[in-house]
Amino acid sequence: MPGEKNFFQTFGKAFVKGDIFTKVSFLVWGLGYIGHGQLMKALLVTLVEGLGLYFLAFYGAPNLAKFGTLGTVKMEMVFDVTTMKNVVNNYDNSFEILLMSMISFVVIAALIAAAMMVVTSNYQLQKIRAAGKKTNSFLQDINVYLNEKFYVTLLTLPVLGVVVFTIVPLFILIAVAFTNYDQQHMPPNDLFTWVGLTNFFTLFGGGGMTSTFGYSFAKVLTWTLVWAFFATFTTFFGGILLAMFINDQKTKCPKLWRTLFMVTIAVPQFVTLLLVRNFFSNNGIFNTMMANAGVTDFLHNIGLLDKGLSYIPFLTQPSWAMFTIIMINIWIGVPYQMLISTGVLMNIPADMIEAARIDGANPVQMFFRIKLPYLLSVQGPSLVTDFVRNVNNFNVIYLLTQDVFVTNNQQLAQSNAKEIDLLVTWLFRLTQEYYNYKMAAVLGIMVFIVCAVFTVVCFHFINKKEATFS
Amino acid sequence: MSTTTINDAAVQKQLRQGRVKKTIFSIIRHLILALLAFIWLVPIAWLLLTSFSTDKGINFTRFVPEGFTLWNYTSIMTAPDSVAQFPRWFMNTLVVACFNCVISTCFVLMVAYAISCCRFKGRRLLQNLSVTVNLFPGVLAMIAVYFVLKYMNLTNSYAGLIMVYAGSSGLGYLICKGFFDTVPVSLREAAKLDGASEARIFFQIVIPMSRPILVYTIINSFLMPWTDFVMAKMILNSGVSTDWTVAIGLYNMLQKALINSYFSRFCAGGVLVAIPISILFVIMQKFYVEGITSGAAKG
Amino acid sequence: MKKQISLALAGAMALSLAACGGSASTATSTPEAASAAESTAASTEAAADGDVLDQAAAAAFSQDVTLTMWGAEEDQDLLREISDKFIEKYGNYGGKITINLGAQSEKEAKDTVLTDPTAAADVFAFADDQLNELVKAGALQEVQLNADDVKSRNTPASVDAATVDGKLYAYPLTADNGYFMFYDKSFFTEDDVKSLDTMMEKAAAAGKKVSMDVANGWYLYSFYAGAGLNLGLADDGVNTVCNWNEAPGADVTQAVIDICKNPGFISLKDEEFTGKLKDGTLVAGVNGTWRANDAAEAWGDNYAACKLPTYTLNGEQVQMASFSGFKLIGVNPHSANVGAAMLLADFVTNEENEELRFKERAQGPSNTNALAAASSPALTAVVDQSEYANLQRVGGNFWASAETLGSICVNGNPDGKDTQTLVDDAVAGITAPVTQ
């Protein structure tokens, strides 16, 4: 749209052409509105601006000043016998500095954007007044926020929540990737500081001869992708097949069957996962059953199981664990997918099926020519998001293998990774058990890049395909 | 004459054969289903059986416990000790779940409606941003979220936990938006012509039409505190067991030092949590499926 | 040294005074406080210890004080009892004392505390292997009230376990956190339990098992240290020194692999131990006092405990060594009431309460007098083993690599690597410098 100007152009024009009130309102928001006869609004915006500036002056500025070094004064404590309390010096807390600086950046950006909007809106008021029309009263203004600008009312709180609890933390963690925040540099007792791209070099094989992060990263990334692929497609097709099987006219009491499978959804995932972990443990009940049934001996005989093992290492040896985890994930994921597929399949236009039946299509053709394409067209995008979700599927891997799986690979062990770790579980353990926040942050960024590339490629492909269809 | 009877007999034989074949197939079909259902239910059965076991720890050798008792249930319900504070956990979780349910549902509906039905500058940008943010692993930001809460003095409080759950709930608007996309534009246009404000359209026309997605959103946000333990464990870190939610408490029962005396009570707790959720599911099943599929269809 | 710090501190405080006026009173009192600390430290030797504590209590409890204390889940009732006694003892100084109890297993205390030391409990129990990391992270307060008394009333080994660089950082709580051998008296004679080979042979013949958690650096140490190999903390206090890859390290590894393959042996994680005890699989097992009750329950009158046996290395019998283990009580320096917290920590670990702990929880006291009065099979085994036990001082990189080495042995060396390569790889990981 050629007529439409972007935000900055509108602001530029308003600022240049605005009268003195409009211009001043960039600095003191209320002045413009006072000048343009909107007292109530003037009061409100000045209050907001005041709060913002107050925060910046008293919390933002002191921390922003130390942003370059992330603090220089170490904590010192002295025990005071007369008061029986510790006396602490005025130390710097690197994490607090980072946190407050990030919040300040967000506040500054918000203040500038708001100031620009105030100027633009004042210019509008100025024009209205210049044209001799009446400007909105306060009540009318409120009304606007229930009508044309209803979206502002709707979005303010949720966006604020996302900014505070998602975006700011993400900024902080991205910043941590460029620092040396680890167990040797933990606030409040110690300081950490910027180290540039060192951590990224460490991840890609640099960082000294003893570092095995590069090796582990390649291994873990591969398994993450393999897992995400299998986890997504096994549950997807498993769910579809089960749904069609149950919904087939020849199946009696479909509702009963569906309910049976859905029982697994009703028990919270962490309960079932922890339960199943004990079910499959080396000396657990399932191994006892297998041994009694002779399966363990059978596996010994066909050479699938090392002779030295008296049990099947379902969750303790890499290849077995990978297999078991994917199986357990099918067990968990298929009922959900069945539920969704049931719904989607019911939505297939009846005439399409009817037409196919008249043409004499057999069930197999029906599945591959009509049902599957329909399901894919409906669920294609959600398959992509499922894949991303599985890359980040923390619960399944963590709950099944934490405290159970021990790696047999010294190189992985050195960088605290395991064969069955996903990038997210690896980074979680790095933070929780080894306080290696810097490497965890780097891994987090890598996860993001993997997911972003995958998503962009997939949606590019999907959009292209849709375009050729229509 | 005779030929016809022969024919008749042949046809009948064929028919009978067909019927037999059909019944055999039907039996096989149901056997497969039964087998699958059996596999799906084995762990659940183990959960149930163990929850009635007289053995307090894990029994490695017997699937069906030696003796049955209700003690595990009565113990966690009526005799809380320092480890198991189930009634307290249940209440804590219920409070968090109710608040989170209300706030999150509102947030999701608000964002979904704004993105789906309102036209404004920056809408596309907002959508892209939300997709991008969703690509970052959530566990990464956790430690920072903890410190954000700490500076707000909200750690170890349910308000803080609720804020964390509800705060980022706005990002999960996609399925709901997909549903709103299916609400005919003409309906809203007509209402607008009648002089209804956007707000009125939202509350009086779109929301009442969106029962399935409403139910779906409510169930999801209600269940969140019952299943999340990573975030909750981080925020409620006083170590005082009466402060915990069900998920942290049950998870804690399985730590090395406790598993041998608390495993069957863990199972009982799991069953007790599963009961309300199952009831919720059974009642809302229809809406749930409708919501998720209609949302996914356009999502 | 301390003087220098306090002077610097006073300077810093004076500077900060300009910024925030509120802290004026604390700032001015700092230098005196420091000198007072020195004088009390000096006078402790002369004055009776009770006076110091009384003075301290008078200062600490003149106003209301709330303390949080973390201890093991199983100890909660005991801790409540002790806390009540504490409140009774110190409640008459004018302030109201409130003690909140939290459950935190001693083994994992470090994980919770280090995530955010400022949010951790004022007083917490932990296992002595975490001492170093906690001190490094500034999460432990040096014992400054009655350090000499604490040192004199506890066994020297337990005091060593609570000391870093000559400073006492925690109050010894128990002295039995190491491991030894449990066995069934009706199955093994006292001669049998002297050799692991005999035990496994007898167990295998009866279809029973002897257990040990080999896939765990803590227990795996037993074999290598028994063979005279070295593992310890480097001078920097962060990294680990280890020579398991020197002779006879490779042979030890082979011996461990052979033991794991023995039909009379099973490697069990701690949480699996009890289950296997109850179902009758085990006739003996290496574990610690925390499983003493389970073992006594399973074997009844036949329950017995002894020091670790010998194992066969290159045809010779070698006595298995072990880590000695202690539980300690630490005070969080970030506590708002450090002094009160120290008094509580001191109270929890005094002779009377350690005796009580032994009575109620069967945990072996670190207090010399209480230890002399206590007696149980497990405790005797701990004392017998202590001759071969070493203080647990290793860096953070030990555990993952050792665990993996143990796991390879348990799984029968699945990749078929040369045993020398196995220990070389492990030592490379163990001694790798902690990332800087």
Quick calc, segment A:7-196, dipole around Cα centre from Cβ unit charges on Lys, Arg (+) and Asp, Glu (-), nearest 20 debye, gives 1140
Nearby aspartates and glutamates by direct alpha-carbon distance to A:Lys66 (threshold 18 angstrom, same-chain neighbours under 8 apart not counted) = A:Asp92, A:Glu96, A:Asp190
Taking the Cα-to-Cβ direction at B:Met209 and at A:Met117 and moving 7 Å from each Cα, how far apart do the two end points lie in nm?
-> 2.9
Using 1/(1 + (r/R0)^6) with R0 = 51 angstrom and r between the beta carbons of C:Thr312 and A:Tyr336, what's the FRET efficiency to the nearest 0.05?
-> 0.40
Could you calculate the contour length gain from A:Leu376 to A:Ala218, that is, 0.36 nm times the residue separation minus the distance between their Cα atoms, to one decimal place in nm?
-> 53.7 nm
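Rg(Cα) of segment C:318-406 divided by 2.2 N^0.38 Å?
1.38
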If each of A:Met40 and A:Asn362 carries a label point 7 Å out from its Cα toward its Cβ, how far apart are those two points in nm?
-> 7.5
Give the Cα extents of segment A:7-196 along the principal axes, in whole Å, largest first.
-> 73, 40, 31
Once normalised by the length of segment A:237-348, the mean sequence separation of its alpha carbon contacts under 8 Å that are 6 or more apart gives a contact order in percent of 41
Farthest toward the dipole's positive end in segment A:7-196, which of A:Val118, A:Leu155, A:Met100, given Cβ charges of +1 (Lys, Arg) and -1 (Asp, Glu) about the Cα centre?
-> A:Val118
Of the candidates B:Val289, B:Thr74, B:Asn100, the farthest towards the positive dipole end of the protein assembly as shown (Lys/Arg Cβ +1, Asp/Glu Cβ -1, centred on the Cα centre) is B:Val289
In nm, what is the difference between 0.36 nm times the number of residues separating C:Asp236 and C:Asn302 and their Cα-Cα distance?
-> 19.0 nm
Distance between modelled label sites at A:Ile142 and B:Leu41, nm, 7 Å Cα→Cβ extension = 5.9
Enumerate the lysines that B:Lys286 could reach by cross-link, defined here as Cα to Cα under 29 Å, with residues fewer than 8 away along the same chain left out.
-> A:Lys250, A:Lys252, A:Lys255, A:Lys371, B:Lys177, B:Lys298
Taking the Cα centre of each part, how many Å lie between segment C:46-120 and segment B:222-243?
-> 25
Over chain B, what is the relative contact order in whole percent, taking alpha-carbon pairs under 8 Å and six or more residues apart?
-> 30
Around A:Thr288, with a cut-off of 10 angstrom between Cβ atoms, what is the net charge of the other residues, counting Lys and Arg +1 and Asp and Glu -1?
-> 0
Report the FRET efficiency, 1/(1 + (r/R0)^6), for B:Thr54 and C:Ser195, where r is their Cβ-Cβ distance and R0 is 35 Å, rounded to 0.05.
-> 0.35
Pull up all non-local amide H partners of C:Trp70: gap of 5 or more, or a different chain, and H-to-H distance under 5 Å with H placed in the peptide plane.
-> C:Gly102, C:Val123, C:Phe124, C:Ala125
Cβ charges +1 (Lys, Arg) and -1 (Asp, Glu), total dipole of segment B:62-126, debye | 720
Indicate the helices, whole DSSP H runs only, in chain A that combine a mean Kyte-Doolittle hydropathy of 0.5 or more with a Cα extent along their long axis of 20 angstrom or more.
-> A:39-55, A:94-130, A:213-247, A:318-346, A:372-391, A:437-469
Taking Cα centroids, how far is segment A:1-69 from segment A:101-154 in Å?
-> 10
Exposure proxy order (Cβ contacts within 10 Å, fewest to most) of C:Leu328, B:Leu272 | B:Leu272, C:Leu328
Take the Cα pairs of segment A:4-65, get the Kirkwood Rh, then feed it into Stokes-Einstein at 4 °C and 1.567 mPa s and tell me D in µm²/s.
-> 99
Please list the equivalent ellipsoid semi-axes of chain C, computed as the square roots of five times the alpha-carbon gyration tensor eigenvalues, in descending order and whole angstrom.
-> 44, 26, 17
What is the projected area of the convex hull of the Cα atoms of segment A:43-132, averaged over all directions, in nm²?
-> 8.5
Size of chain A along its principal axes in angstrom, Cα-based, largest extent first?
-> 90, 82, 43
Excluding residues fewer than 8 positions from C:Lys269 in its own chain, the lysines with Cα under 22 Å of it are A:Lys307, A:Lys418, B:Lys56, B:Lys256, C:Lys107, C:Lys110, C:Lys208, C:Lys209, C:Lys261, C:Lys278, C:Lys307, C:Lys327
With +1 at each Lys and Arg Cβ and -1 at each Asp and Glu Cβ, the charge dipole magnitude of the protein assembly as shown around its Cα centre, to the nearest 20 debye, comes out at 7240
Extreme residue, positive dipole direction of segment C:46-133, given options C:Gln63, C:Val113, C:Gln76 (C-beta unit charges) | C:Gln63
If you rank B:Cys176, A:Cys458 by fewest surrounding Cβ atoms within 10 Å, what's the result?
-> A:Cys458, B:Cys176
Kindly express, to the nearest 10 degrees and within the range 0 to 90, the angle between helix C:249-261's C-alpha long axis and the longest C-alpha principal axis of chain C.
-> 70
Given q = 0.10, 0.17 Å⁻¹, what are the Debye log10 I(q)/I(0) values for segment B:1-122, with equal point scatterers placed on the Cα positions and solvent ignored?
-> -0.74, -1.01
Taking Cα atoms, the helix C:398-410 axis meets the longest principal axis of chain C at an angle in degrees (rounded to 10) of 20
When all C-alpha to C-alpha distances in the protein assembly as shown are sorted into bins of 20 Å, what percent of pairs does each bin hold, rounded to whole numbers?
-> 10, 35, 35, 16, 4, 0, 0
Distance from the Cα centre of segment A:186-263 to that of segment C:187-245, in angstrom?
-> 37
Given a cut-off of under 8 Å on Cα pairs at least six residues apart, what relative contact order in percent is computed for chain C?
-> 22
What do you get when you divide the Cα radius of gyration of segment B:81-298 by 2.2 N^0.38 Å, with N the number of residues?
-> 1.17
Taking chain C as the reference, fit the longest principal axis to its C-alpha atoms, fit the long axis of helix C:338-348 to the helix C-alpha atoms, and give the angle between the two in degrees, 0 to 90, nearest 10.
-> 40
A correct fewest-to-most ranking of A:His36, B:His30 by other Cβ atoms within 10 Å would be B:His30, A:His36
If you keep only loop residues by DSSP, which GluC sites (Glu not before Pro) in segment C:250-304 have at most 10 other Cβ atoms within 10 Å of their Cβ?
-> none
The set of residues whose placed amide H lies less than 5 Å from the amide H of C:Val65, leaving out same-chain residues fewer than 5 positions away, is C:Lys96, C:Ile97, C:Thr98
Low-density loop trypsin sites (Lys or Arg not before Pro), segment A:72-147, at most 10 other Cβ within 10 Å, DSSP non-H/G/I/E/B, are A:Lys133, A:Lys134
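Each value in this text was obtained by applying a stated rule to the coordinates, not by laboratory testing. These figures come from a predicted structure and were not determined experimentally. Please note: Cβ atoms are built from the backbone with ideal geometry, for glycine as well, and neighbour counts cover all protein chains shown.
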